[in-house]
Amino acid sequence: MGEKEYDRANTVGIIPFEGADPIPVEISNMNFWQLLDTPNSYTGYAGKGLKVKSTEDGLEFTDMSPDAHASRHQPGGADALPTATPGNITEGATASEGTSSSFARADHVHGTPSEWTPKAHGNEAHSPDFLAVNGSNKPTADINWNSKGVYEIGYLIGTKYGYGTPPLLELFHNILAYADKKWTVTVSPAPTSGSVADMFDFAKNNYARWDNTVTLPIEITIEWTDRINLIKAVGIQFFWGEYISGVKIEAYNDNTGAWTTLVDESNNTTNRVVWTGNLNNITKIRYTLSGAYNESVVSIANLFALSNHPNALPYGYYLDIEGNMPMRGNLDMNSNKITNLADPTSAQDAATKAYVDNKTGDPPYILFSLETRETIIEKVKSQVSTPNLDSALLFFNSEEGRLEIFMPRKGEFRDLNGRVIQQVEPIKETFPAKVKYVFDEDFGIVRRMFIPVMRYRIKEGYTLDEDVGKIIKDGREVDPKEAIEQVIEEELGLMEETTEGTATR
């Protein structure tokens with residue numbers, strides 16, 4: 001019998017015989033697994049599919065995943081993607097679509113240059129250059145601040161570190177510095193603490209303060225006689241958060257006879273209010289504070305106005321009352337006196353007339369030994385005569401580890417800046433002295449000196465052993481009080497200097 005065939009059109013099987021015509025046999029009610037060239041069971045083949053065997057003589061179950069094939073973008077397919085290692089990104093490369101030579105892969109990291117420096121560029125913010133914060137470059141033209149303030153120039157404004165150094169803004173000066181000492185300042189109502197001077201001295205922690213018992217507004221007017229031009233800025237500096245909501249600043253133009261409002265702020269929330277612009281012919285500035293306190297007080301640390309007009313006497317032309325700013329030239333007193341000068345303590349210090357006239361044979365008591373304030377007081381009582389109690393003694397305080405000054409007659413200990421650090425009972429009297437004139441060979445002049453009167457002497461029969469400092473009598477040591485007797489002259493015959501410079505008894 002030949003191969004079995006199937007007549008699809010008639011749904012019958014055809015069984016051919018060799019040498020004879022095929023015999024058709026009808027096939028009905030037949031299951032797929034009953035076919036002779038198929039698997040005879042479905043068991044264990046869930047999810048499988050059928051395919052022709054590799055021997056091409058039957059069917060078999062197999063997995064449904066397709067065999068590997070090449071698409072348009074795989075190696076071996078049409079238009080395959082490149083898989084070579086991509087090159088490094090170069091500095092300054094232009095990022096444009098489609099220019100990369102290959103795609104990055106998960107097993108590859110692009111190399112990067114050692115430095116990544118943007119190429120020079122220019123725009124509205126950076127063209128043609130920028131102003132370096134470290135001062136390594138400088139503007140080449142004027143900067144328009146658009147009527148805005150410039151803050152934190154040194155301490156407040158006008159100098160690099162506050163007082164004591166040359167001004168940072170050499171051409172501009174604060175015309176209100178020490179205004180209370182050179183011009184007319186009116187303040188109403190008066191501050192409840194601090195002083196009017198505290199608003200003009202530029203000391204960091206000095207301020208005039210008004211508490212909330214004050215009836216607002218507070219009005220401050222500064223007036224001078226000569227017109228001042230070229231005023232570029234006017235402002236007020238409050239002490240930390242102790243500001244007020246209402247701030248009005250006005251300037252009086254002497255040419256027009258009218259006030260000009262510079263600032264009228266009703267909702268101030270800052271410690272500093274500044275106006276900038278240009279004012280001429282000004283003889284008055286007025287500040288008016290009103291509204292609500294930010295805290296329970298309002299405190300003004302500084303009032304200021306900047307100008308480079310010749311009439312705006314600069315801050316640098318005034319002596320610093322705290323002695324922090326050195327002189328820049330000779331001081332011409334114009335036949336006036338320097339009064340209330342302290343006695344000298346260093347070789348180059350100025351000397352008072354009393355110091356020169358009353359210089360005595362007593363030591364100057366520049367004592368750099370281990371002294372205390374108590375030991376210095378005792379030394380003064382035992383070694384400084386009454387006429388010399390107006391002098392000052394410089395000594396090293398071993399307890400504080402610093403040099404200090406003692407003024408006996410005032411009973412004051414001061415530091416080297418002249419500030420009182422302790423007050424004690426003044427020493428009014430010690431022991432008498434008499435006047436004597438001596439010739440000073442070092443300076444070639446005659447000096448008038450106070451010579452202590454003999455106060456003590458060793459009694460007869462007692463001697464001082466100078467090698468050991470013991471009082472000896474009959475070969476034995478005795479108590480010094482036993483050997484010493486006090487001597488006070490009944491009549492000193494002190495000489496008094498007359499106004500004509502002659503000496504009388």
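Close amide-amide hydrogen proximity is noted between HIS173 and SER307, ASN308, each under 5 Å apart and 5 or more residues distant or on a separate chain (H modeled in the peptide plane; Pro and chain starts excluded).
Put GLU219, GLU460, GLU429, GLU404 in order of accessible area, highest first, and with a 1.4 Å probe you get GLU460, GLU429, GLU219, GLU404. Sorting the segments 291-303, 408-420 by their residues' average number of neighbouring beta-carbon atoms within 10 angstrom, most packed first, yields 291-303, 408-420.
I need the shape label for region 366-411. Rule: rounded when a/c is under 1.5, else prolate if a/b > b/c, else oblate, with a, b, c from the alpha carbon gyration tensor. It is prolate, given that a/c is not under 1.5 and a/b is the larger ratio.
Phi angles across region 189-199 convert, under the Karplus curve 6.51 cos²θ - 1.76 cosθ + 1.60 with θ = phi - 60°, into 3J(HN,Hα) values of x, 5, x, 7, 8, x, 9, 4, 4, 5, 7 Hz, Gly and Pro given as x. Can you tell me the length gained on complete extension of the stretch THR43 to PHE439, counting 0.36 nm per residue apart and subtracting the Cα distance? Extra length available between THR43 and PHE439 comes to 128.4 nm. For LYS436, the accessible area of its heavy atoms, probed at 1.4 Å with every protein chain present, is near 110 square angstrom.
For THR55 and SER193, the difference between the fully extended length at 0.36 nm per residue and the C-alpha to C-alpha distance is 38.2 nm. Multiplying the residue separation of ASP474 and ARG373 by 0.36 nm and removing their Cα-Cα distance gives an extension gain of 32.4 nm.
Spin-label model, GLN422/ASN253: points 7 Å from Cα along the beta carbon direction are separated by 6.3 nm. Rounded, prolate or oblate: which fits region 364-442, taking a ≥ b ≥ c as square roots of the Cα gyration tensor eigenvalues, rounded meaning a/c under 1.5, else prolate when a/b beats b/c? It is prolate, given that a/c is not under 1.5 and a/b is the larger ratio. With θ taken as phi - 60° and the Karplus curve 6.51 cos²θ - 1.76 cosθ + 1.60 applied, the whole-hertz 3J(HN,Hα) list for region 471-486 is 8, 10, 9, 6, x, 10, 7, 10, 5, x, 4, 6, 9, 9, 10, 8 Hz, x standing for glycine and proline. Phi angles of region 237-253 translate, via the Karplus equation with coefficients 6.51, -1.76, 1.60 and θ = phi - 60°, into HN-Hα couplings of 10, 7, 7, 6, x, 8, 9, 10, 6, x, 10, 10, 10, 10, 10, 9, 8 Hz per residue; Gly and Pro are given as x.
Computed from the C-beta positions of GLU429 and SER136, the FRET efficiency with R₀ = 56 Å rounds to 0.25. Note on THR269 and ARG409: with the Förster distance fixed at 51 Å, the Cβ-Cβ geometry gives a FRET efficiency of about 0.40. Filter LYS381/LYS481; LYS381/LYS473; LYS337/LYS381; LYS434/LYS470; LYS379/LYS470; LYS353/LYS428 down to the pairs with a C-alpha to C-alpha distance above 24 Å, please. From the list (LYS381/LYS481; LYS381/LYS473; LYS337/LYS381; LYS434/LYS470; LYS379/LYS470; LYS353/LYS428), the Cα-Cα distance tops 24 Å for LYS381/LYS473; LYS337/LYS381; LYS434/LYS470.
The values are calculated or read from the model by the stated rules, or taken from the named source; none is laboratory data. No experiment lies behind these values; they were computed from the predicted model shown. Here Cβ is always computed from backbone atoms with ideal geometry, including for glycine, and neighbour counts include all displayed protein chains. Note: accessible area is taken over every heavy atom of the protein model, side chains too, but ligands, DNA and RNA are not part of it. Shrake-Rupley method; radii C 1.70, N 1.55, O 1.52, S 1.80 Å.
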